[in-house]
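Encoded as structure tokens, the structure appears first; notes follow it.
The values are calculated or read from the model by the stated rules, or taken from the named source; none is laboratory data. Keep in mind that this is a model prediction, so the values were computed, not measured. For neighbour counting, all protein chains shown are included, and Cβ atoms are generated from backbone atoms with ideal geometry for every residue, glycine included.
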Amino acid sequence: MTMTMDLLLKEISQELINGEAERVVELVRSAVKKSIPAKTILEDALIAGMNVVGERFKEHEVFLPEVLMSAKAMDSAVEEIRPLLASNAVRSLGKVVLGTVQGDLHDIGKNLVSIMLKGAGVEIIDLGKDVSPEKFVETAKIENASVIGMSALLTTTMPVMSRVVGLLREQGLSGKIKTVVGGAPLTREWAMEMGADGYCGDAIGAVEVVKQLIV
Ligand code: B1M
């Protein structure tokens, strides 16, 4: 990575922290033109910037309106590189019902997981955010999906994931419909203890985990 590219990535991060959506998109376009890989832009500029926002929010240095501005900038930037992140896989590998769990409105990470899985040829039924356990299970049954993918960003909403695992067990569907969970507050240990079939810490890793569960 040359010095100029590094500076450009830092500038993208900074403008994302400032919540300057238009400027972020402009800079992302210029990074793409300079052939910086989309994955590098995503991880080293956009996610890195969002992490700073998270830290500042925790320390009460910024408040919700600022976080929302940064989230909007993140959304626009991801939209810009979406086609580059999702290479055009042809054959469908299988179907995944995806969503952010009930009570949780954080969907940026979930949307990235969706992009990566679609890029790998997985068919995605995206239920959005604030999805109830019943909705996850019913949709997976109706759609004949082999995997339910759930995202949670709040410690208070993580238990909803266990309720989905419990519902599948009650209905005799454990093992037939697999579960994959992810999101910043989760750990692999917690996910395995509560009975999920798969856990992954990032969107790119989700592809491998889902592929293994689908076969
Ligand atoms: Co809120 N929020 N937020 N927030 N927010 C966090 C999560 C928080 C950690 C901030 C903090 O205090 N430092 C904190 C949670 C504390 C906790 O419970 N541990 C928090 C809080 C407290 C809240 C509110 C309660 C604030 C309030 O109202 N007082 C409120 C809750 C609303 C609700 O959900 N009911 C709230 C609201 C919001 C906004 C709406 C303003 C906005 C969300 C906008 C949106 O998503 N459309 C927001 C944001 C943006 C954040 C931070 C700053 C950034 C989250 C993010 O998008 N990160 C966040 C701090 C942080 O995480 N650093 C914070 C970037 C994204 C790419 O990463 O989502 O982790 P992430 O996804 C990653 C991996 O986790 C993984 O892959 C992704 C990419 O690699 N992954 C999966 C995620 N899901 C996966 C699923 C998989 C596999 C991998 O398989 C299925």
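Quick look at the values:
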item: Residue within the range 35-45 that is part of a helix (DSSP H, G or I), in contact with a Ser or Thr (Cβ under 9 Å, 6 or more places away or on another chain) and farther than 30 Å from G121 by Cβ present; result: no
item: Residue pairs meeting the criteria (Cβ under 7 Å; at least 6 apart or on separate chains; first in the same structural domain as I124 (by TED's automatic domain parsing) and farther than 13 Å from G99 by Cα, in the range 136-162; second more than 12 Å from the ligand (Cβ to nearest atom) and among the charged types (D, E, K, R)); result: E143/K95; N144/K95; A145/K95; S146/K95
item: Test: I124 is aliphatic (A, V, I, L, M), under 15 Å from V180 (Cβ atoms) and either touching a residue at least 24 places away in the same chain (Cβ under 8 Å) or outside the structural domain of D197 (by TED's automatic domain parsing) (or both); result: yes
item: Pairs, first closer than 15 Å to L8 by Cα in the range 32-60, second more than 9 Å from the ligand (Cβ to nearest atom) and among the hydroxyl-bearing types (S, T, Y), C-beta under 6 Å, six or more apart; result: A45/S13; A48/S13; G49/S13
item: Qualifying residue in the range 157-177 (condition: touching a Phe, Trp or Tyr at 6+ places or on another chain (Cβ under 7 Å) and either modelled with pLDDT under 95 or within 14 Å of the ligand (Cβ to nearest atom) (or both)); result: yes
item: Qualifying residues in the range 180-203 (those that are closer than 19 Å to N51 by Cβ and buried (at least 17 other Cβ atoms within 10 Å of the Cβ)) - the one farthest from the ligand (Cβ to nearest atom); result: L186
item: Hits in the range 94-105 - residues which are surrounded by 18 or more Cβ atoms within 10 Å (Cβ to Cβ), near the ligand (Cβ under 8 Å from one of its atoms) and not in a strand (DSSP E or B); result: D104
item: Check on V78, within 13 Å of the ligand (Cβ to nearest atom), part of a helix (DSSP H, G or I) and under 20 Å from the mean Cα position of the chain (by Cα); result: yes
